[in-house]
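Worksheet for the structure shown next.
The values are calculated or read from the model by the stated rules, or taken from the named source; none is laboratory data. Predicted, not measured: the structure shown is a model, and the values here were computed from it. Ideal geometry is used to build each Cβ from the backbone, glycine not excepted, and the neighbour counts take in all protein chains shown. All accessible areas refer to the heavy atoms of the entire protein, side chains included, with ligands and DNA or RNA removed. Shrake-Rupley method; radii C 1.70, N 1.55, O 1.52, S 1.80 Å.
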Amino acid sequence: MEIKPLNSPTAEQIRRAPKALLHDHLDGGLRPGTVVDLARASGYGDLPETEPDRLGTWFREAADSGSLERYLETFTHTCAVMQTPDALFRVAAECAEDLAEDGVVYAEIRYAPEQHLEGGLTLEEVVAVVNEGFREGERLARESGRRIRVGALLTAMRHAARSLEIAELANRHRDSGVVGFDIAGAEAGYPPTRHLDAFEYLKRENNHFTIHAGEAFGLPSIWQALQWCGADRLGHGVRIVDDISVAAGGEVRLGRLAAYVRDKRVPLELCPTSNIQTGAVGSYADHPIGLLRRLHFRATVNTDNRLMSGTSMSREFERLTEAFGYSLDDLQWFTVNAMKSAFIPFDERLAMINDVIKPGYAELKSEWLFSQTATTSRSAPPES
Ligand SMILES: O=c1[nH]cnc2c1ncn2[C@@H]1O[C@H](CO)[C@@H](O)[C@H]1O
Ligand SMILES: [Zn+2]
């Protein structure tokens, strides 16, 4: 009897597979119905649609603009309805619940506290209530038999000038649910070196940070993020392929920067659907993740903004499985990469890998093998 090599998992198996998520924006992941409810409660009257399904479609289509700047305009509406403790608590709790429901077991969720002060909250209050929301979502997930751990990343907006203040905020809350720092927003014209004081402060504090770099702008942004700012991870980093050449015969050459990124195991927080929407990449099949995985870069798969992209971790895995024929082993590889690159302590990462991720995939793989064996023996002629 011949057992076929492990082939592509089904959508249902992907949903059950344990997943780790490093790059997901809190203000990019609201349920459309929650946006509608919160707008009504706060009297925000500028939503382009007030029926949840139509609003969801509006976000996806508006984000499908082919430009990062236009993609980012859609956040005006989500941030507008996230200005009170109740709203922030609900959005954070639902975020954790939705991810758990999708089989995510570990997530780092980012947001920019400076964008949630219009209702009179302080930066400290924003962080405290979002953390409470995450704890509530974890608890609700546990009640329904799921397990998720959520850490927050505090983002500073790269066009603004509050990054040092936000870095200090992240550092103050590092023992209470905040696992690191990030900068986000339009990339072109706002190099990460504008925020060097924030990064240098975090390094002096032995704290962790990632930088959105190499998404809308290419290698210089990645180079600055790593070699001037000292980023632990790259948010997107997808343009690192500009420093990789593949000859017609298949021979691969890495430039100095790409070699550094691979040699140093710099984690790439890749977000396939988001890249297609902002025009950074043409299609799933063209996404550099295929090449980066083959070359063993520390590639991870992420959602970026589940509302704007109409996506989830399972959907990202499904699209990649369709495009590249990935097996459960590939999905496990991405998941272990993400968990290794998380900002929580080493022993806790290891425990997640050994106690949750590997056993989860082992179970799925054995189910798959069992189903193959069962199918084969059913179709075999009866023994005489
Ligand atoms: O892919 C992205 N690239 C750059 N900035 C982003 C991306 N997605 C979201 N944001 C920005 O991050 C803020 C805090 O969460 C969001 O409000 C949005 O402006
Ligand atoms: Zn992002």
DSSP beta bridges in the stretch 156-272 [antiparallel fraction, %, rounded to 5]
25 percent
Plugging the Cβ-Cβ distance of Ala62 and Asp355 into 1/(1 + (r/R0)^6) at R0 = 30 Å yields, to the nearest 0.05, a FRET efficiency of 0.15
Among rounded, prolate and oblate, which fits the stretch 237-337 when a ≥ b ≥ c are the square roots of the eigenvalues of its C-alpha gyration tensor, a/c under 1.5 means rounded, and a/b larger than b/c means prolate?
prolate
Most positive-pole-ward Cα, Ala186, His159, Ser176, against dipole of the stretch 144-197 from beta carbon charges
Ser176
Provide the per-residue ³J(HN,Hα) series for the stretch 145-158, in order, calculated from phi with Karplus coefficients 6.51, -1.76, 1.60 and θ = phi - 60°, each as a whole number of Hz, with x at glycine and proline positions.
x, 10, 10, 8, 10, 10, x, 9, 10, 8, 9, 10, 7, 5
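Whenever you get a sec, line up His25, His208 from highest to lowest accessible area (probe 1.4 Å, protein heavy atoms).
Numbers: His25 25, His208 65 Å².
The most accessible residue leads, giving His208, His25.
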Using the charge dipole of the stretch 1-99 (Lys, Arg: +1 at Cβ; Asp, Glu: -1 at Cβ; taken about the Cα centre), state which of Ala80, Thr57, Cys95 has its Cα farthest towards the positive end.
Cys95
So how exposed is Tyr260, as accessible area in Å² (1.4 Å probe, rounded to 10)?
80 Å²
Expressed in nm², what is the orientationally averaged projection area of the convex hull enclosing the Cα positions of the chain?
21.4 nm²
Per residue, in Å², the accessible surface of the chain once ligands and nucleic acids are set aside, probe 1.4 Å:
42 Å²
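Let me check against my output: what whole-number percent is the relative contact order of the chain, with C-alpha pairs under 8 Å and at least 6 apart?
Working: 672 pairs, mean separation 77.1, N = 384.
For the chain, the relative contact order is 20 percent.
Once neighbouring chains are kept in place and the probe is 1.4 Å, which whole percent of the accessible area of the chain is contributed by carbon and sulfur?
Values: 8060 of 16220 Å².
Percent of accessible area from carbon and sulfur atoms in the chain: 50.
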With point charges of +1 on the Cβ of Lys and Arg and -1 on the Cβ of Asp and Glu, referenced to the Cα centre of the stretch 31-160, which listed residue (Val150, Tyr71, Gly43) lies farthest in the positive direction of the dipole?
Val150
Taking 0.36 nm per residue of separation and subtracting the Cα-Cα distance, what length does fully extending Tyr44 through Arg265 add?
75.1 nm
Under the rule a/c < 1.5 gives rounded, and otherwise a/b versus b/c splits prolate from oblate, where does the stretch 12-131 land using the Cα gyration tensor?
oblate
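With only Lys, Arg, Asp and Glu charged, each at its Cβ (+1 for the first two, -1 for the last two), find how big the charge dipole of the stretch 147-301 is about the Cα centre; round to the nearest 20 debye.
Details: 19 positive and 16 negative charges, 85 e Å.
Approximately 400 debye in magnitude.
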For the stretch 68-75, what does the Karplus curve 6.51 cos²θ - 1.76 cosθ + 1.60, with θ = phi - 60°, yield as ³J(HN,Hα) per residue in whole Hz, taken in order and with x for Gly and Pro?
4, 4, 6, 4, 6, 4, 5, 6
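Taking square-rooted eigenvalues a ≥ b ≥ c of the alpha carbon gyration tensor, is the stretch 90-130 rounded, prolate or oblate, where a/c under 1.5 means rounded and, failing that, a/b exceeding b/c means prolate?
Values: a/c = 3.22, a/b = 2.54, b/c = 1.27.
It comes out prolate by the Cα gyration axes.
Give, rounded to the nearest 20 debye, the magnitude of the charge dipole that the stretch 267-379 has about its Cα centre when Lys and Arg contribute +1 at Cβ and Asp and Glu contribute -1 at Cβ.
Values: 11 positive and 13 negative charges, 33 e Å.
The calculated dipole for the stretch 267-379 is roughly 160 debye.
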Quick one: which of Lys264/Lys358; Lys19/Lys358; Lys19/Lys365; Lys340/Lys365 span more than 18 angstrom between C-alpha atoms?
Lys264/Lys358; Lys340/Lys365
Given the C-alpha centroids of the stretch 175-205 and the stretch 273-305, what is the distance between them in whole angstrom?
23 Å
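Let me check I've understood the local charge: for Glu168, count other residues with C-beta under 15 angstrom from its C-beta, Lys and Arg +1, Asp and Glu -1. What total comes out? Intermediate results must be reported in sequence, preceding the final value.
Numbers: positive: Arg162, Arg172, Arg174, Lys203, Arg204; negative: Glu114, Glu124, Glu165, Asp175, Asp182, Asp197, Glu200, Glu205.
Cβ neighbours under 15 Å give a net charge of -3.
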Place a +1 charge on the Cβ of each Lys and Arg in the chain and a -1 charge on the Cβ of each Asp and Glu, then give the dipole magnitude about the Cα centre in debye, rounded to the nearest 20.
1120 debye
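Can you give the % of DSSP beta bridges in the stretch 221-335 that are antiparallel, to the nearest 5? Don't skip to the answer; put the middle values down first.
Numbers: 3 of 8 bridges.
Roughly 40 percent of the DSSP beta bridges within the stretch 221-335 come out antiparallel.
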Applying the Karplus parametrisation 6.51 cos²θ - 1.76 cosθ + 1.60 with θ = phi - 60° to the phi angles of the stretch 281-289, what ³J(HN,Hα) value in whole Hz is obtained for each residue in order, glycine and proline being reported as x?
9, x, 7, 4, 5, 8, 5, x, 4
